[in-house]
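The values are calculated or read from the model by the stated rules, or taken from the named source; none is laboratory data. These figures come from a predicted structure and were not determined experimentally. Glycine gets a Cβ as well: all are built from the backbone with ideal geometry, and neighbour counts include every protein chain shown. Accessible surface areas use protein heavy atoms only, side chains included; no ligands, DNA or RNA. Shrake-Rupley method; radii C 1.70, N 1.55, O 1.52, S 1.80 Å.
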Number of protein chains: 2
Amino acid sequence: MQEIDQQFKDHFKAVLVRPQMGENIGASARALLNCGFENLDLINPRDGWPDPKAEAMGSGAWQKMPPPGIFNAVKDSIQGCRHVYATTARSRDIQKNVLTGREAAEDIAERLSGGQKIAVLFGAERTGLTNDETALAHSLITIPLNQEFSSLNLAQSVLLIAYDIRMALLTRREEPLSQNAIIPAPYQDIDLLLSRLEEELEKAGFFRSKDLKPKTIHNLKSMILRAEMTEQEIRTFHGIISALISKKAQ
Amino acid sequence: MQEIDQQFKDHFKAVLVRPQMGENIGASARALLNCGFENLDLINPRDGWPDPKAEAMGSGAWQKMPPPGIFNAVKDSIQGCRHVYATTARSRDIQKNVLTGREAAEDIAERLSGGQKIAVLFGAERTGLTNDETALAHSLITIPLNQEFSSLNLAQSVLLIAYDIRMALLTRREEPLSQNAIIPAPYQDIDLLLSRLEEELEKAGFFRSKDLKPKTIHNLKSMILRAEMTEQEIRTFHGIISALISKKAQ
């Protein structure tokens, strides 16, 4: 039986955001490894890390995976990623590409084949991802389950998404890579651009209503993420900001 | 969002064979309903039925499904089914069609669209299906997971298979049904034919070695199941047996 290329395993990570139950962390590690993947990051796990319950439930899997990355913020986990996906059960009032698990898997397989690093975010058990966390993602994933009974536990969500990606990679037709394939900039570049833009807009009095500011920033983020700018384009964008500021200063 | 036709839900059942843990039965019910299906049969559940642990774990799901069918033998559960699939982690030394989850899902979607009733068998947690139980199936399903870490719990297996079938049904291209589509005979007809054949072969001294008899019968079953005979063909086969017997008797 075929197995997934090590390069693809290296370039994929699942990120559990504020997971509450150690059992679910362990079961998620197992689900990931069942599908041949091995990179798991934990953002502020409720019971800290290491967590004996996670170790017990994941037993057997942890020994075959690198230790999970532990971070305080999603932003720190996704540095270097070229595309970030957020899983969500609810539809959001934010302008983002929404994909089914299957569609996302095809997209991820294509990006992995093009050498891109990608991350999939999974929210906390009850609350899911916050709007701020979702805003970090380029695309959303919603698994089209029975709408009258759609609640999955965390590890089951990880399993279904990882399974779809595995199958997409294993069944992917070998297509020649386009010479013109656009490689989006790594996440930190976008992040810096967004921070700078926000700062400059703040100074310029762009945010008239303090209440509306978070929503406005989310929309800006979504717009910029959707553009999937290359590193060169990001430099250009910085140039534009610099130019506009200096013009205004004159 | 689309939902699966009620007719397809009615014609699909998951069959848990000798499940040991009530928790897994409850979680399997949830997984099935997550994917829009609602028929679950239990063959000799270890802790009997009703089982408070299964009820607690499946809570919310049981109220939206018909009560599970409880049987003493797989054979009794699959009466009326036109095609039976057995899930298996191991490769078997038996001549049967082996499908991946995806391939099985396509096949099942096609059969459901043609009005056929189908069943998928899931074995006990540790031991899986016995050879006798596997021999009852027309086709085997093996999910192509990471071979170095492939063990799934029962409910996760149910989830992946049901999810693949759901997606196959939801994404299925609407193709006109062939006028010549072959409808295989219901399970009980095959069963009767096999019993009769075995009996007649026994009388005829066909089974020289008592040790080899079970294996020989499994191979016969596999052959006959693979043929997917129609009701008419089964009647013809009975006619052949009768003819051969009477000839011998002469």
Practice item. State yes or no: is B:THR134 open to solvent by less than 10 Å² (accessible area, probe 1.4 Å) and closer than 21 Å to B:ASN153 by Cβ? Key: yes
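Specify which of the listed residues (B:GLN2, B:GLN20) is within 14 Å of chain A (Cβ to nearest Cβ), part of a loop (DSSP other than H, G, I, E, B) and either among the polar types (S, T, N, Q) or touching a Ser or Thr at 6+ places or on another chain (Cβ under 7 Å) (or both). First the steps, then the outcome.
Values: B:GLN20 fails: within 14 Å of chain A (Cβ to nearest Cβ).
Just a single option satisfies the conditions, and that option is B:GLN2.
Listed here are the residues, each with its yes/no results for (1) under 22 Å from A:ALA29 (Cα atoms); (2) open to solvent by 60 Å² or more (accessible area, probe 1.4 Å); (3) aromatic (Phe, Trp, Tyr).
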position	(1), (2), (3)
A:GLN63	yes, yes, no
A:PRO66	yes, no, no
A:VAL74	yes, no, no
A:ALA104	yes, no, no
A:SER113	no, no, no
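May I ask you to list the residues in region B:51-61 that are open to solvent by 60 Å² or more (accessible area, probe 1.4 Å) and more than 14 Å from every other protein chain (Cβ to nearest Cβ)?
Within region B:51-61, the subset open to solvent by 60 Å² or more (accessible area, probe 1.4 Å) is B:52-53, B:55-57, B:59.
Across region B:51-61, the qualifying residues are B:PRO52, B:LYS53, B:GLU55, B:ALA56.
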Study note, to complete from the structure: Condition set more than 10 Å from chain A (Cβ to nearest Cβ) and under 21 Å from the mean Cα position of the chain (by Cα), scope region B:30-50, selection surrounded by the fewest Cβ atoms within 10 Å (Cβ to Cβ): answer is B:ARG46
Revision key, fill the gap. Here the residues within region A:185-226 that are touching a His at 6+ places or on another chain (Cβ under 8 Å) and either of a type in the set (Gly, Ala, Ser) or under 15 Å from A:ILE240 (Cβ atoms) (or both) are A:LEU193, A:ARG196
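Considering only region A:5-17, state which residues are within 14 Å of chain B (Cβ to nearest Cβ) and part of a loop (DSSP other than H, G, I, E, B). Steps first, answer last, please.
Start the filter on region A:5-17 by keeping residues that are within 14 Å of chain B (Cβ to nearest Cβ), which leaves A:5-6, A:8-9, A:12.
Passing the criteria: only A:ASP5.
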Check your understanding: Just to be sure, is A:ALA137 part of a loop (DSSP other than H, G, I, E, B), under 25 Å from A:GLU38 (Cα atoms) and either modelled with pLDDT of 95 or more or away from chain B (no Cβ under 14 Å) (or both)?
Key -> yes
**Study point:** The listed residue being outside any loop (DSSP other than H, G, I, E, B), more than 20 Å from the chain's Cα centre (by Cα) and either of a type in the set (D, E, K, R) or modelled with pLDDT of 95 or more (or both), out of B:LYS75, B:LYS53
**Key:** B:LYS53
Point to revise | Whichever residue in region A:149-158 is more than 7 Å from chain B (Cβ to nearest Cβ) and not hydrophobic (A, V, I, L, M, F, W, C) and, among such residues, is nearest to the chain's Cα centre (by Cα) | key: A:SER157
**Study point:** Output for region B:201-241, where each listed residue is part of a loop (DSSP other than H, G, I, E, B), among the aliphatic types (A, V, I, L, M) and under 18 Å from B:ALA135 (Cα atoms)
**Key:** B:LEU212, B:MET229
